[in-house]
Amino acid sequence: MKLIAIVDIYPIVRVGLRQFVADNFNDFLMIESDNISQFAGINIDRTPDLFIIGNTKELFNSACNTIKKILKKSKTANVILFDDSPNHLRIIRAFKAGAKGYLSKHSDIDELVKSVSNVSEGRFYICPDALHMILPSYNPTSFISRGGGNWLSSRDYDIANLLASGYTLSSISRKMDISVATVRRARSRIFKKLNIVKIEELNDSLRKYSLKVFEN
């Protein structure tokens, strides 16, 4: 029997995933928690064969850190990120953190079955909706410089994504609990590193940057 660990802050999501696994797989046992730390208190004698990590837009950094913690403890762990707000930047960062599967919470049951089946066997899987977000921008000749100084920090990633989504400096300040001045400085760094001068250029530049990160 294979063991699945479900991690999501929302009980209703965990219940839904548990029922899905019971309905579609005969050879899986399940444990669940609202955070990875709680598994330390669960009496299990082996590492789960598969982790399904639920994610929300506000907790994306936490989800990536959870993936890293899992892989630090078990380098062979298989992880699916189950995301409620997929975009090209989050997809790339999830795989960079070590996920082997990426699935939108809007995916249908067939995609969930494929994801669990593939990733539990150590294969990579990305749902079609997520794949379509990153493939249209693929243009290997147009990437910005690969110099180390051009990499964005984790926080600048998030700020850039919010800027590209139309958030104002003040709304980003409130959302991320940082000062407007900090957001303004981050915007300047982002524009410089992506070699752009207008906010209208940001979305396309982020797609190209994300693919560059994925290749490395």
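Bear in mind these aren't lab numbers, they're just calculated from the coordinates by the rules spelled out. Quick caveat, the model's predicted, so the values are computed rather than measured. Cβ coordinates were reconstructed from backbone atoms using ideal geometry, including for glycine residues, and neighbour counts include every protein chain displayed.
If I model a spin label as a point 7 Å beyond the Cα along the Cα-Cβ vector, how far apart are those points for residue 65 and residue 182 in nm? Between residue 65 and residue 182, the simple spin-label model gives 1.4 nm.
Residues of the stretch 102-117 with amide nitrogen under 18 Å from the 7 Å Cα-to-Cβ point of residue 23? Output list for this probe position: 104-117.
Counting beta carbons within 10 Å around each of 10, 125, 102 and listing the fewest first gives the order 10, 125, 102.
Of 193, 114, how do they rank once you tally other Cβ atoms within 10 Å and put the fewest first? Starting with the residue having the fewest Cβ neighbours, the order is 114, 193. Relative to the Cα centre, the charge distribution of the stretch 2-134, modelled as +1 at Lys and Arg Cβ and -1 at Asp and Glu Cβ, gives a dipole magnitude of about 700 debye. Among 167, 157, the order by Cβ neighbours within 10 angstrom, fewest to most, reads 167, 157.
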